[in-house]
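Some notes on the structure that comes next.
The values are calculated or read from the model by the stated rules, or taken from the named source; none is laboratory data. All figures in this text were calculated on a predicted structure; none of them were measured in a lab. Ideal geometry is used to build each Cβ from the backbone, glycine not excepted, and the neighbour counts take in all protein chains shown. We work out accessible area using only protein heavy atoms, side chains counted, and drop any ligands, DNA or RNA first. Shrake-Rupley method; radii C 1.70, N 1.55, O 1.52, S 1.80 Å.
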Amino acid sequence: FFSLREFRNDFLELLRRRFGTKRVHNNIVYNEYISHREHIHMNATQWETLTDFTKWLGREGLCKVDETPKGWYIQYIDRDPETIHRQQKQERKKKQDLDDEEKTAKFIEQQVRRGLEGKELEVPVYTELNRENEEEKVTFNLNKGASTSVAASSKTSSVLGQNALKMVEGAVKRKDAAHSSGQLKEKKKKSALDEIMELEEEKKRTPRRDYWLQTEIIVKIVTKKLGENYHKKKAVVTEVIDKYTAVVKVIDSGDKLKLDQTHLETIIPAPGKKVMVLNGEYRGNEGILESISEKRFSVTITIHSGPLKGCRVKDIQYEDVSKLA
């Protein structure tokens, strides 16, 4: 029984520490497990094959397991209360971001609708020139009551009709020019709206990601599974593996550990210190921390390098920025 429990615990600890909650082939984990000299062999347990052990892990709810043409895959289920709390916090953050995006989209839609209301183009209507009486004078009303009249005769009327049509066309062209000028003014009025839409397009090009690790940042170890010697200790990220895993160097002891990002937290320094943005549209930019808003759980920074140098960014959430080493 002791061998069974030790084999199970060692296998799961390797799976958790090495692969976190990623889906991985069971043979990969097992081969790495048996590479250690002091491992407990499966023959000393109740399971005859790795497949039997994998199915047992699934039945007991210790891992998610699924069979594929390439074999069995397993995925560690992290039931640590701290991890669950952080995952719930991340889910709430994602929902808040989606709500904010939806509100912005509705705002833009309302602005566009207001801008287009009552802006239908006036299409000029042309009518045929007809006279019931050849002796009747022809009168044209053009802009502010201007009129033109001539004595009625067949030849004169023909010439007048041609000139009048030209004058009407000129008036229509002037109206179109005035309408175009009005459109330019309308575009100027919508410049603020255009800026909002451009900003949203820029955000779409730099969406939030579910990973945030960056080298040279200082983080806090929050998992208790490594013991009190490492719990709440500060460390520097020296390497990022597969986006979600970091090799960190503990500042106090110099020990190097390989940890999943769920076991780490960002650190907010005092104002005036250097930080790096880890997520969102300003991801990867370094800056100086200007102020901290405890009520909004956010900070304000001034970017000090790159194309955005000098740009002041407000309301960056705590988890999206961390102190630089």
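A compact table of results
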quantity: Estimated distance in nm for a label pair at THR49 and LYS103, the labels positioned 7 Å out from Cα along Cα-to-Cβ; calculated: 5.7
quantity: FRET efficiency, 1/(1 + (r/R0)^6) with R0 35 Å, evaluated for LEU308 and ILE77 via beta carbons; calculated: 0.30
quantity: Rg/Rg_ref, region 269-324, where Rg_ref = 2.2 N^0.38 Å and atoms are Cα; calculated: 0.97
quantity: Cβ-derived FRET efficiency at R0 22 Å, LYS64 paired with LYS225, nearest 0.05; calculated: 0.65
quantity: Region 1-76, dipole about Cα centre (Lys/Arg Cβ +1, Asp/Glu Cβ -1), debye to the nearest 20; calculated: 320
quantity: Calculated P(r) of region 208-267 - Cα pairs past 16 Å, %; calculated: 32
quantity: Whole-number accessible area per residue in Å² for region 269-324, which is evaluated in the context of all protein chains at 1.4 Å; calculated: 52
quantity: Restraint check, LYS94/LYS309; LYS274/LYS309; LYS225/LYS323; LYS64/LYS234, Cα-Cα greater than 21 Å; calculated: LYS94/LYS309; LYS225/LYS323; LYS64/LYS234
quantity: For ASP52, net neighbour charge (Lys/Arg +1, Asp/Glu -1) across residues whose Cβ lies under 14 Å away; calculated: 0
